[in-house]
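Notes follow the structure.
The values are calculated or read from the model by the stated rules, or taken from the named source; none is laboratory data. If you're wondering where the values come from, they're calculated on a predicted model, not measured in any experiment. Cβ placement follows ideal geometry from the backbone for every residue including glycine, while neighbour counts extend to all protein chains displayed.
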Amino acid sequence: MPVITLTTDWSKDDFYLGAVKGQIYSNLSDAIIVDITHKVKPFNIYQAAFILKNSYKFYPKGSVHIIGVKTEAFKDQKYLAAEYDGQYFLGTDNGIFSLIFNDDDSVKYISINEKRSSFPVLDVFSKIACRLAQGEKYEKLGETISEIERRVPLRATIEENVISGSVVYIDSFQNAITNVSENLFKRVGNGKPFKIFVQSNHYVISRINKTYQETSVGELLAIFNSLDLLEIAINGGNAAELLNLDTNSSIRIKFQ
C-alpha cells in the first residue's frame, strides 16, 4: 500500500490532524500515514518546501505527499496535484511547488477539479490522496496545466572573492543551514584561505569541519552537511539561539 505523508504548520494538539487522519482511514482503512512534520512555522512555505524537498526522495514510488501549509486558495489560486519521479504531491498553488521542484520541466501538474474549501487538506487533498493510493489514474484528477505560481528561492550571490549567503533552515539542534553549497564554495574559493562571517564581523570561522567533534565542545564551527550545504553549528550547543540566528540571517565568506 502506498504511503501518504503529511507536512503541515499545525500543532499536533489541534483537532485538524486527528480529523485528517480519520478522513484518510475512512476512505482507506489500511493506509500508511507518515507525519513528516507538523512544526512548520505558520504559513511559511519556504520552510515547508525545504523540508519536503529534502525528504520526499527517500520515499518509495507511488507515495502521496499532502502539503498542509497556507492551503486556503485566494483569488485565482488553484488546488494542484504534481507528479514527479513516480511520486505525487497535493497542495495549493501558492508558490510552494516551484520551490520544491526548482522549475523542473519534467514535473506534471494538474489543476484539481474540486470546490474550494476553508479546510482543503480535509475536504480535498486527503480524499484525493486515497484515490491515488488505490490506483486511480493521475490524469483523471483534473486539467493538465503548465503555468503555476512561482516564488524566487533565496540564492547565494557572488562578488569578487566573496560569497554572500543566508540561513534557510534551523534544525532541531539549532544548527543554522545556509544556501551555500559545497560546490559553490569550492568553485569560488578554489582552495584559497577564507573567513566565514556569521551575521556580523564578531563571529568568524576560518576552517571547515569534516565532523562536529573536530571542534571542542562549546565552540563555533562550520561543516558541509548531508545536503552538501554549509551549516553553522556549535558542538554541543545551540548556535541559532546563542547567535540570534533565524532564516534570512546573513553569512559572508571572504576568500583571500
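Scan the range 145-178 residue by residue and report those that are among the polar types (S, T, N, Q), more than 24 Å from residue 218 (Cα to Cα) and modelled with pLDDT of 95 or more.
157, 164
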For this session: Name the residue, out of 103, 85, 93, that is within 19 Å of the chain's Cα centre (by Cα), at pLDDT 90 or above and farther than 19 Å from residue 58 by Cα.
Result: 93
Problem set entry | Residues of the range 151-176 classified as on the phi > 0 side of the Ramachandran plot and small (Gly, Ala, Ser), total | 0
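Table: residues versus (1) basic (Lys, Arg); (2) within 18 Å of residue 126 (Cα to Cα); (3) outside the structural domain of residue 137 (by TED's automatic domain parsing); (4) surrounded by 17 or more Cβ atoms within 10 Å (Cβ to Cβ).
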| residue | (1), (2), (3), (4) |
| --- | --- |
| 10 | no, yes, no, yes |
| 17 | no, yes, no, yes |
| 22 | no, yes, no, no |
| 54 | no, no, no, no |
| 67 | no, yes, no, yes |
| 74 | no, no, no, no |
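Restricting to the range 169-199, name every residue that is among the small types (Gly, Ala, Ser), out of contact with any helix residue (DSSP H, G or I) (no Cβ under 6 Å at 6 or more places or on another chain) and in contact (Cβ under 8 Å) with a residue 60 or more places away in the chain.
Within the range 169-199, 189 is the sole residue that qualifies.
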Exercise. Hey, among 166, 126, which residue is outside any loop (DSSP other than H, G, I, E, B), touching a residue at least 40 places away in the same chain (Cβ under 8 Å), surrounded by 14 or more Cβ atoms within 10 Å (Cβ to Cβ) and not assigned by TED's automatic domain parsing to the domain that holds residue 111?
Worked result: 166
For this session: For the range 222-240, name all the residues that are closer than 29 Å to residue 56 by Cβ and either acidic (Asp, Glu) or touching a helix residue (DSSP H, G or I) at 6+ places or on another chain (Cβ under 7 Å) (or both).
Result: 223, 224, 228, 230, 231, 232, 233
Exercise. Quick one: is residue 98 assigned by TED's automatic domain parsing to the domain that holds residue 18 and in contact with a Lys or Arg (Cβ under 6 Å, 6 or more places away or on another chain)?
Worked result: yes
For this session: Look through the range 55-82, keep the residues that are of a type in the set (S, T, N, Q) and modelled with pLDDT of 95 or more, and return whichever of them is farthest from residue 37 (Cα to Cα).
Result: 63
Seminar exercise, completed: Reported set for the range 207-230 where residues are under 15 Å from residue 163 (Cβ atoms) and touching a Phe, Trp or Tyr at 6+ places or on another chain (Cβ under 7 Å) is 208, 230
Problem set entry | Given (1) touching an Asp or Glu at 6+ places or on another chain (Cβ under 6 Å); (2) over 29 Å from residue 100 (Cβ atoms), index of the condition residue 182 fails | (2)
For this session: Scan the range 178-207 for residues that are buried (at least 16 other Cβ atoms within 10 Å of the Cβ) and in a loop (DSSP other than H, G, I, E, B) and report the count.
Result: 2
For this session: State which residue is farthest from residue 224 (Cα to Cα) when the search covers only the range 145-163 and only residues that are assigned to a loop (DSSP other than H, G, I, E, B) and not charged (D, E, K, R).
Result: 146
Exercise. Just to be sure, is residue 223 part of a strand (DSSP E or B), touching a residue at least 40 places away in the same chain (Cβ under 8 Å), assigned by TED's automatic domain parsing to the domain that holds residue 169 and hydrophobic (A, V, I, L, M, F, W, C)?
Worked result: no
